[in-house]
Amino acid sequence: MSKRNLKHMLRTSVPNPPAIFQNTMRDTLAGIAQAESPKENQSMKNIMSKRRILVYVIIAALLIASVAVAAALLNNNVFINTMGTTPENAESITHYNLADEIIGDAEVKVTEAAYDGLSLFISYSIRDLNATEPMGDYDEQCDMRLLTDEDYQAIYALGVGWWVDHIWIDGKSVDMPGMSGGNDVGTDTPGEILYSMQYRLDQEDVYLDGDVQISLPIGECQSLDSLVIDRENDQVALPDKGMVTFTLDCSTRDRITELTPNAETVGERWSAKVSDVVFTPIQTYVTLDWSVDAGVMQAYIDENGEGYADEDGNIYWPFDGVDAVGIEVQSLQPVDQNGTPVFESWDGFYGNQGIGASQAWFTFPYAETLPDPLYLAPTIDGEIDMSYAILVR
């Protein structure tokens, strides 16, 4: 086995998260706790309806163990805080210092935002104007300020900050899409927390162009009773209080290339085709349609049972192709026609972003030039397996 393939096999043994998401998990749980009824927390409907998200819940314990390693990559940059790296061309789509408001004893700022054609990236900060010391405990190994419950409580006591799990784009509400995430860090500025988010807007079929008005619920905290909810159209009216609004130039459409190759590769264990690939200024997004071979699936069930069961034997989650061969699908990476990987290695949270029984989603770094033809191929038994090569272009 080559050193390169060994590194790739190790990297794909556990799928990369779409972003450093532990703080988003915390925020979502906090939103559930403060909601007066389950119906009021509209975002959970969309988040939990996407079955693939449960994959990340299951592997959360493994990911927490890697937080110290991932945290070493972090600093005050919206891309590093969400993607684990600063991608090439990031500066060309990033806008700075978009909003700055004083609300009581707090300063709320939108420090960075960017849109690459599919994902919206936003960093905002909240600062206690009366604080004299930085938030968080500095960790030398991670080279960052790790936040504590006391830090969050201090910001919460200011009566400002994220109070409902939506954002509004040109006045229309958008829930947290699947494969989104974020991270919070302390800064060297006394009393300040920097919050960074990545929204996979394409997962909600939301695409931006030109000047777009974005409203964040990060001002003075409001009661959830104040929300005006249109359940028929799955919309929440833009609140007239508690919002911080800015305009972002999202003119990236002329820098995006989208292909729909749909060339199916039939393998002995599973089959797949790339149904959509989007090349943006900072990364490549791939949507894969796939299915497990019926005989392979049946053999897996014969050996392991029908699915995940409770102590009484009741099946609460039937096995599917993800259980049988998912690790092979998740290991896909770009290669040329000879099976040589396009990327020797990469920094950041690229690779598989989510997987279900019929689709999987990937992101890969930007590259100025790419092989033609370009394929995705998995690592199976420690080697690139071109018998499963799937045409990208």
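Residues are listed down the side, and each one gets a yes or a no for (1) under 28 Å from A90 (Cβ atoms); (2) without any contact (Cβ under 8 Å) to a residue 24 or more places away in the chain; (3) buried (at least 16 other Cβ atoms within 10 Å of the Cβ):
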{"site": "G348", "(1), (2), (3)": "yes, no, yes"}
{"site": "S358", "(1), (2), (3)": "no, no, no"}
{"site": "L370", "(1), (2), (3)": "yes, no, yes"}
{"site": "L374", "(1), (2), (3)": "yes, no, yes"}
{"site": "P378", "(1), (2), (3)": "no, no, yes"}
{"site": "M386", "(1), (2), (3)": "no, no, no"}
{"site": "A389", "(1), (2), (3)": "no, no, yes"}
{"site": "V392", "(1), (2), (3)": "yes, no, yes"}
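Do we have any residue at all in segment 294-316 that's part of a loop (DSSP other than H, G, I, E, B) and either aromatic (F, W, Y) or in contact with a Pro (Cβ under 9 Å, 6 or more places away or on another chain) (or both)?
Checking segment 294-316: at least one residue is part of a loop (DSSP other than H, G, I, E, B) and either aromatic (F, W, Y) or in contact with a Pro (Cβ under 9 Å, 6 or more places away or on another chain) (or both).
Is there a residue being among the aromatic types (F, W, Y), over 19 Å from the mean Cα position of the chain (by Cα), outside any loop (DSSP other than H, G, I, E, B) and over 26 Å from I282 (Cα atoms) anywhere in segment 318-332?
no
Would you check if S215 is under 17 Å from I103 (Cα atoms) and under 22 Å from the mean Cα position of the chain (by Cα)?
yes
Can G117 be described as touching a helix residue (DSSP H, G or I) at 6+ places or on another chain (Cβ under 7 Å) and either surrounded by 14 or more Cβ atoms within 10 Å (Cβ to Cβ) or closer than 28 Å to I282 by Cα (or both)?
So G117 passes the test.
Name the single residue that is farthest from I214 (Cα to Cα) among those in segment 119-154 being modelled with pLDDT of 95 or more and in contact with a Phe, Trp or Tyr (Cβ under 8 Å, 6 or more places away or on another chain).
Taking the candidates together, the pick is I126.
Which residue is nearest to the chain's Cα centre (by Cα), if the candidates are limited to segment 270-297 and must be of a type in the set (G, A, S) and surrounded by fewer than 21 Cβ atoms within 10 Å (Cβ to Cβ)?
S275
Determine whether A360 is modelled with pLDDT of 95 or more, touching an Asp or Glu at 6+ places or on another chain (Cβ under 7 Å) and aliphatic (A, V, I, L, M).
no
Can you tell me which of (1) of a type in the set (A, V, I, L, M, F, W, C); (2) modelled with pLDDT under 95; (3) within 17 Å of the chain's Cα centre (by Cα) is the one A113 doesn't meet?
A113 satisfies every listed condition except (2).
Mind counting the residues in segment 298-315 that are over 31 Å from the mean Cα position of the chain (by Cα) and either at pLDDT 95 or above or not assigned by TED's automatic domain parsing to the domain that holds A360 (or both)?
Summing the residues that are over 31 Å from the mean Cα position of the chain (by Cα) and either at pLDDT 95 or above or not assigned by TED's automatic domain parsing to the domain that holds A360 (or both) in segment 298-315 gives 7.
If you go through segment 298-319 one residue at a time, do you hit one that is of a type outside the set (V, I, T) and crowded, with 21+ Cβ neighbours inside 10 Å?
No, that holds for no residue.
From (1) buried (at least 21 other Cβ atoms within 10 Å of the Cβ); (2) part of a helix (DSSP H, G or I), pick out the condition that doesn't hold for N352.
Against the list (1) buried (at least 21 other Cβ atoms within 10 Å of the Cβ); (2) part of a helix (DSSP H, G or I), N352 comes up short only on (2).
Go through the residues of segment 131-146 one by one and say whether even a single one is under 26 Å from the mean Cα position of the chain (by Cα), crowded, with 21+ Cβ neighbours inside 10 Å and closer than 30 Å to T257 by Cβ.
The answer is no, given that none of the residues of segment 131-146 is under 26 Å from the mean Cα position of the chain (by Cα), crowded, with 21+ Cβ neighbours inside 10 Å and closer than 30 Å to T257 by Cβ.
Can we say A114 is within 30 Å of R255 (Cα to Cα) and either touching a residue at least 24 places away in the same chain (Cβ under 8 Å) or assigned to a strand (DSSP E or B) (or both)?
Taking the combined requirement at face value, the residue satisfies it.
Given the condition crowded, with 23+ Cβ neighbours inside 10 Å and either free of Cβ contacts under 8 Å to residues at least 24 places away in the same chain or assigned by TED's automatic domain parsing to the domain that holds Y115 (or both), answer yes or no: does some residue in segment 200-213 qualify?
Yes; the residues of segment 200-213 include at least one that is crowded, with 23+ Cβ neighbours inside 10 Å and either free of Cβ contacts under 8 Å to residues at least 24 places away in the same chain or assigned by TED's automatic domain parsing to the domain that holds Y115 (or both).
Which residues, taken from segment 127-176, are at negative phi and either outside the structural domain of C221 (by TED's automatic domain parsing) or in contact with a Lys or Arg (Cβ under 8 Å, 6 or more places away or on another chain) (or both)?
Residues satisfying the conditions are R127, P134, M135, D137, Y138, D139, D175.
The values are calculated or read from the model by the stated rules, or taken from the named source; none is laboratory data. Predicted model only: the values in this text are computed from it and were never measured. Cβ atoms come from the backbone with ideal geometry, glycine included; neighbour counts cover every protein chain shown.
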